[in-house]
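Okay, so here's the structure we're looking at.
The values are calculated or read from the model by the stated rules, or taken from the named source; none is laboratory data. Here the structure is a predicted model, which means the values were calculated and not measured. Here Cβ is always computed from backbone atoms with ideal geometry, including for glycine, and neighbour counts include all displayed protein chains. Accessible surface areas use protein heavy atoms only, side chains included; no ligands, DNA or RNA. Shrake-Rupley method; radii C 1.70, N 1.55, O 1.52, S 1.80 Å.
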Amino acid sequence: MKIIPITRYILRGHRVIFLLILCLFGLCAVQSQKKNQRQKRKQKVEDNRVYLVHADQLHYDQYVNPDAQILHGHVSFRHQGATLFCDSAHFYEMTNSFEAFGNVKMYQGDTLSLFSEYAYYDGNDQMAMARRKVVLKHRQSTLYTDSLNYDRMYGVGYFFEHGKMVDKNSVLLSDWGEYNTTNRQAVFYYHVDLKDNNFHLITDTLYYNTAQSLAHAVGPSDVYSGTSHIYTEDGWYNTNTEQSMLFGRSVIRDKGRTMMGDSIYHDSKNGTSEAFHRVEYVDSVNKNMLTGNYCFYDETTGFALATDSAVCVDFSQKDSLYMHADTFKLFTYNINTDSVYREIHAYNKVRAYRIDVQAVCDSLVYNTLDSCLTMYQDPIAWSNGQQLLGEMIKVYMKDSTIHRAHVIGQALSVEQLRDSVHFNQVTSKEMIAYFNQGEIAETDANDNVQIVYYPIDESDSTLIGLNYTETSQLKMYLENRKMKKIWMPKAEGTLYPMTQIPPAKKFLPNYAWFDYIRPLDRMDIFRWRGKKVGTELKPAKRKEAPLQHLGK
């Protein structure tokens with residue numbers, strides 16, 4: 001007898017029973033899961049219902065409002081973690097909603113409360129519509145309005161009939177707006193007015209975060225803080241720190257000073273401003289302007305800086321003076337006093353242009369105390385056909401016009417004549433030029449004076465010859481840019497006819513004509529051109545007094 005097949009059948013039967021047991025367990029698990037889901041849905045439906053907690057009186061009036069339960073006296077409702085109180089109400093149980101009348105108060109947790117004279121609440125949408133004398137309080141912020149819709153599902157309140165928000169020391173007014181209690185972000189539209197102790201903002205669109213006290217104005221906006229006025233179309237302002245971030249050609253005005261740039265960072269407490277890209281700083285009181293791609297200004301100290309394509313413009317005279325350098329710095333001394341004065345420092349590759357005068361140097365300083373402009377390191381100045389250079393040049397102004405110029409060290413004056421071939425030349429250790437109404441009237445040359453001068457025949461304006469002279473001092477008096485009188489002490493000189501001029505006498509040993517460096521117009525100040533190699537001015541060493549020694 002073979003028993004192996006019977007054993008196989010028995011084993012197969014056990015497998016079938018085991019599979020049946022697994023199916024039964026799976027079916028029970030599915031049914032249990034469905035039961036739990038039904039319970040959750042049921043619980044969810046139950047949680048979404050508006051519950052009437054209390055009322056002194058409850059009745060129906062089929063003639064007045066047949067769908068409502070009419071409630072009076074200490075009425076209270078509960079829904080989704082919120083509690084509402086009122087004097088009377090109409091409860092629409094079928095639509096899961098109610099109307100509340102008189103002293104309406106809604107509380108949600110311990111951070112939000114809503115008060116009004118009337119409210120309609122829809123439990124399905126979790127929407128509360130409050131009307132008349134509405135007050136919404138959330139943490140340290142309070143919103144006052146007459147019409148407010150509060151969406152509890154998203155935590156957003158909408159007002160549309162004028163609103164006022166009070167946040168710490170800030171008061172914000174607008175015609176329409178919304179407030180999100182989740183991220184504490186508010187948006188206000190139309191006739192927006194934001195005020196605090198030191199700040200006043202007027203705009204049509206404002207985003208305001210009460211958590212960060214950060215206001216973002218969009219569109220034409222005016223900001224007033226102390227004596228300053230800011231205009232921006234895209235500006236951020238922190239009401240706590242009084243710091244502003246302004247974009248889109250914003251403008252700051254303060255006591256006759258104006259700063260404009262593509263982006264500006266302003267700190268009202270510190271009185272500092274930083275501007276970037278296409279910056280313009282204008283001082284209408286002192287009639288000067290700084291431009292560049294970066295500017296800084298401190299109104300408490302009067303310090304200003306401009307760099308990156310920086311230009312300083314002086315428009316105090318009929319013709320404006322344009323100066324370019326790598327960096328400009330403005331220092332103010334004795335600020336807020338009657339003895340206030342300023343210094344403008346320009347350094348690295350300075351070029352200046354005005355219609356009647358041009359200049360080039362490595363650096364310069366202008367001091368308003370004595371109205372002195374000092375040019376350092378290879379300075380050169382031009383006026384019409386006149387070129388002036390030396391180791392250092394000081395220019396003194398009077399009533400916004402040039403009064404005198406002082407050339408110190410290796411002074412050289414060169415005048416190009418009309419034929420562009422011959423040059424009048426004067427060299428000395430120092431030279432002083434005096435001006436009258438912007439025109440040179442007198443020139444003094446002192447110590448080791450050498451002169452190359454071409455006299456002109458007044459009858460036919462031809463050159464008579466070349467006058468070469470050496471002396472210790474020279475005074476020239478001019479009128480209408482022509483020599484009127486000349487004075488000098490004992491001198492040695494020779495007059496050479498035009499046909500007998502020695503080639504070595506045509507030019508002084510230190511003669512130089514730098515017309516290729518001269519700025520040609522106000523845009524040419526950006527094109528730096530240095531002297532040719534070997535023509536740079538080498539400062540002469542000063543003789544030092546011998547040291548005294550005590551005898552033994």
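So, R0 is 45 Å and r is the distance between the beta-carbons of Ala512 and Thr337; what FRET efficiency does that work out to, to 0.05?
Details: r = 45 Å, r/R0 = 1.01.
Efficiency, rounded to the nearest 0.05: 0.50.
Using every pair of alpha-carbon atoms in segment 465-543, split the distances into 10 Å bins beginning at 0 and state the percent of pairs per bin, rounded to integers.
Taking every Cα pair in segment 465-543, the percentages come to 12, 25, 35, 24, 4.
For segment 260-385, what mean projected area does the convex hull of the alpha carbons give, in nm²?
Here the figure is 8.2 nm², rounded to one decimal.
If N is the number of residues in segment 85-181, what value comes out of its Cα radius of gyration divided by 2.2 N^0.38 Å? Could the numbers behind the result be given before it?
Numbers: Rg = 13.0 Å, N = 97, 2.2 N^0.38 = 12.5 Å.
Relative to the rule-of-thumb radius for its length, segment 85-181 sits at 1.04.
Along the Cα→Cβ direction, 7 angstrom out, place labels at Asn286 and Asp67. What is the inter-label distance in nm?
Roughly 7.6 nm, to one decimal.
Along segment 260-268, what does the Karplus equation 6.51 cos²θ - 1.76 cosθ + 1.60 (θ = phi - 60°) give for ³J(HN,Hα), rounded to whole Hz, x for Gly and Pro?
Each residue of segment 260-268 in turn: 10, x, 5, 8, 9, 10, 10, 10, 5 Hz.
If the cut-off is a Cα-Cα distance under 16 Å, which aspartates and glutamates reach Lys349, setting aside same-chain residues fewer than 8 apart in sequence?
Asp308, Asp326, Asp362, Asp378, Glu391, Asp524, Glu536
Explain nothing, just the number: dipole magnitude of segment 142-219 about its Cα centre with +1 on each Lys and Arg Cβ and -1 on each Asp and Glu Cβ, in debye rounded to the nearest 20.
Here the size comes out at about 280 debye.
If you plug each phi of segment 422-427 into the Karplus form 6.51 cos²θ - 1.76 cosθ + 1.60 with θ = phi - 60°, what whole-Hz ³J(HN,Hα) values come out, in order, with x for Gly and Pro?
Couplings: 9, 9, 7, 9, 9, 10 Hz.
Using only Cα atoms, find the angle between the long axis of helix 4-47 and the longest principal axis of the chain, and express it within 0 to 90 degrees, rounded to the nearest 10.
The angle comes out at about 70 degrees.
Which one of Thr111, Gln358, Ser371 is farthest out on the positive end of the charge dipole of the chain, using unit charges on Cβ (Lys, Arg +1; Asp, Glu -1) and the Cα centre as origin?
Thr111
Ranked by accessible surface with a 1.4 Å probe, highest first, in what order do Lys287, Lys318 come? Let's see the in-between values first.
Values: Lys287 90, Lys318 195 Å².
I get Lys318, Lys287, largest accessible area first.
Within straight cross-link reach of Lys137, meaning Cα distance under 14 Å, which aspartates and glutamates are found once same-chain residues fewer than 8 apart are removed?
Asp110, Asp167, Glu178
7 Å from Cα along Cα→Cβ at both Thr368 and Asn96: what's the point-to-point distance in nm?
Here the answer is 7.2 nm between the modelled labels.
Going by Cα centres, segment 241-304 and segment 65-80 are how many Å apart?
What the calculation gives is 61 Å, centre to centre.
Identify, among Leu172, Met129, Tyr158, the residue whose Cα sits farthest towards the positive end of the charge dipole of segment 58-180, taking +1 on the Cβ of Lys and Arg and -1 on the Cβ of Asp and Glu, with the dipole about the Cα centre.
Positive-end residue among those listed: Leu172.
I'm checking a number: the convex hull volume of the Cα atoms of segment 207-307, normalised per residue, in Å³. What is it?
84
Could you run the Karplus curve 6.51 cos²θ - 1.76 cosθ + 1.60 with θ = phi - 60° over segment 67-76 and give me ³J(HN,Hα) per residue in whole Hz, x for Gly and Pro?
Once rounded to whole Hz, the list reads 8, 10, 8, 8, 10, 9, x, 6, 7, 9.
Under the rule of -39500 (n - 2.57) per DSSP H run of 4 or more residues, summed and divided by the residues of the chain, what mean residue ellipticity at 222 nm is obtained, to the nearest 500 deg cm²/dmol?
After summing the helix terms and dividing by the residues of the chain, the value is -3000 deg cm²/dmol.
For the chain, what mean projected area does the convex hull of the alpha carbons give, in nm²? Don't skip to the end; give the middle numbers.
Values: hull surface 265.4 nm².
Convex hull of Cα atoms, orientation-averaged projection: 66.4 nm².
What's the whole-number percent of alpha carbon pairs in segment 296-336 lying beyond 15 angstrom?
Details: 424 of 820 pairs.
Every Cα pair in segment 296-336 considered, those over 15 Å come to 52 percent.
I need the P(r) histogram for segment 154-208: all alpha carbon pairs, bin width 5 Å from 0 out to the longest distance, whole percents.
Computed distribution, short to long bins: 5, 21, 32, 25, 13, 3, 0.
Dipole size in debye (nearest 20) for the chain around its Cα centre, Lys and Arg Cβ +1, Asp and Glu Cβ -1?
Here the chain has a charge dipole of around 2860 debye.
Would you work out the Kirkwood radius for segment 358-418? I mean one over the mean of 1/r across all pairs of different Cα atoms, in Å.
11.9
With 5 Å bins from zero, work out the P(r) of segment 340-441 over every alpha carbon pair and list the percent per bin.
3, 13, 22, 26, 21, 10, 4, 1, 0, 0
How big is the dipole moment of segment 311-391 about its Cα centre under a simple scheme where the beta carbon of each Lys and Arg is +1, that of each Asp and Glu is -1, and everything else is neutral? Debye, nearest 20, please.
Numbers: 6 positive and 10 negative charges, 43 e Å.
Using only the charged Cβ atoms, the result is roughly 200 debye.
For segment 400-545, what is Rg from Cα atoms divided by 2.2 N^0.38 Å, rounded to two decimals? Working shown, then result.
Working: Rg = 16.7 Å, N = 146, 2.2 N^0.38 = 14.6 Å.
With N residues counted in segment 400-545, Rg over 2.2 N^0.38 Å equals 1.14.
Top to bottom by accessible area (1.4 Å), largest first, where do Arg418, Arg518 land?
On the way: Arg418 230, Arg518 45 Å².
Correct descending sequence by accessible area is Arg418, Arg518.
Output the pairs from Lys329/Lys531; Lys429/Lys490; Lys318/Lys398; Lys394/Lys429; Lys133/Lys164 with a Cα-Cα distance over 21 Å in this structure; if there are none, say none.
Working: Lys329/Lys531 26 Å; Lys429/Lys490 18 Å; Lys318/Lys398 14 Å; Lys394/Lys429 14 Å; Lys133/Lys164 11 Å.
Table pairs above 21 Å Cα-Cα are Lys329/Lys531.
For segment 123-248, compute the orientation-averaged projected area of the C-alpha convex hull (one quarter of its surface), in nm².
About 7.5 nm², averaged over all directions.
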